1. Quick one: compute the contact order of the chain, relative version, from alpha carbon pairs under 8 angstrom and 6+ residues apart, as a percent.
2. Provide Rg and Dmax in Å for the chain, with only Cα atoms included in the calculation.
3. So what is the 222 nm mean residue ellipticity for the chain from helices alone, if each DSSP H run of at least 4 adds -39500 (n - 2.57) and you divide by all residues, rounding to the nearest 500 deg cm²/dmol?
4. Taking H placed 1.01 Å from N in the peptide plane, check which residues at least 5 places from N94 or on another chain put their amide H under 5 Å from its amide H.
Amino acid sequence: MERTQTDARPDLAAKDLAATTPYPLVVEKLVDLIGSRLVAYIGGVKDARTVAAWTRGDVPHLAGRRLQLAYAGALTLKERYDRDRIQAWFTWLNDFLDDASPSSYVRSLENDEEIDRKGTRLLQAARRELAE
């Protein structure tokens, strides 16, 4: 059986899905995968009430982009891991991300250009996790 590029690299399919999913749905799905506290942290807010409001719309652009990136990473890991393991991965220090946790790495991205330029590093870290 011939493998497609997305079979060999599940992060590509995850990235495409995350990029085409509306922000409120990304928030909802990501809360299911990693919990509202981590979603709030990655999105740059202090409380889960804001995250709950985001599921109804009005997600700020930068928070939405960060969360799309985190969602792509979580979807990549979902190929093999359960919710607890995905959530833990987002909080562990990751040597591929210069000893930052994936959640703090994504939160540190300050604009669209950084997300586009540095965001693939998160997906590479998720791929490396699956390869181990």
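Just so you know, all these numbers are worked out from the coordinates, no wet-lab data involved. Note that the structure is predicted; figures quoted are calculated from it, not measured.
1. Relative contact order comes out at 28 percent.
2. That works out to 13.8, 48 Å for Rg and Dmax.
3. Rounded to the nearest 500, it is -21500 deg cm²/dmol.
4. D99, A100, S101
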